[in-house]
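Heads up: the structure comes next, in structure tokens.
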Amino acid sequence: MRQSHPEALRERTRCVRSWVIRHLCPLAPSWAHPRLTNTSNTDARIGHSLQPGKAVLTGGRPFPAQPAPINFDNITRAIAAFQRTLISRDSPYDRFAAGDRNALSPEARQGLALFTGERAKCSQCHQPPHFTDQRFHNTGLYNADGTGDLPGTDKGLANETGQTADTGRFRTPTLRNITVTAPYMRDGSITSLGDVIAHYAAGGQAAVGAKPSPRRSPLVAGFKISEAEKRHLLRFLESLTDERFLTKPELQTPFR
């Protein structure tokens, strides 16, 4: 396994903290302290708010030795345990990579060549098999006031580091099952995969109608692509959809 670069390790640490604050605190955004410094009151409120769903959430099995198992720490452990079961590895691409040469259509194979080739270079950041490099990049989506700034308060990694240079840098998302996760980009501002391809081909959305963001990653340099090649690339992206994973009964919401 490749040894983590110190900067990457720092970024991952910041991201974990950011994930906890942004995704666990919204369970009760009106009262959870953003730095999680006092969990006793938080535990009580979470337990109260989740009591109606207790039977569904616990099934009477997890944390059997604890008299009050619904608390912040256990919810964190339960979410993490569930996420570790979310393994998607039976897409057409996976079968192709495992040796089934018929798993991808001719157009999808041409799209794969473009995806990994020197012109589009998509795989520089979206590295197989997970289709992410787990790093942070500015993809040139915005260029507010010509400074590379972003609208709103979410400035990406800069919110965690306080460094202006990190403005607009967001972690590379996976592309697995990308066809079912629209809209796209970190703020949902691009509605289709075809428009996402156009964004990167232009060197960032900001470069389409104005000037490229000065904070844009050098990896987002733009490239030429024909309509036929765009179609091939779309066919490849569709091959990352794992229908078996998406339809597993045990992974469906229990609240329906």
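The values are calculated or read from the model by the stated rules, or taken from the named source; none is laboratory data. As the structure is a computational prediction, the values presented were derived from the model and not from experiment.
Suppose we filter the range 156-183 for residues that are among the β-branched types (Val, Ile, Thr) and assigned to a loop (DSSP other than H, G, I, E, B); how many remain?
The qualifying residues number 4.
Tell me which residues, restricted to the range 160-190, are polar (S, T, N, Q) and under 24 Å from residue 116 (Cα atoms).
Within the range 160-190, 172, 174, 177, 179, 181 qualify.
Give the range 59-82 a look and list any residue that's in a loop (DSSP other than H, G, I, E, B), within 20 Å of residue 255 (Cα to Cα) and either modelled with pLDDT under 85 or not aliphatic (A, V, I, L, M) (or both), or say none.
Hits for the range 59-82 are 59, 60, 61, 62, 69, 71.
Against the definition (at pLDDT 95 or above, part of a loop (DSSP other than H, G, I, E, B) and among the hydroxyl-bearing types (Ser, Thr, Tyr)), how does residue 147 come out, yes or no?
no
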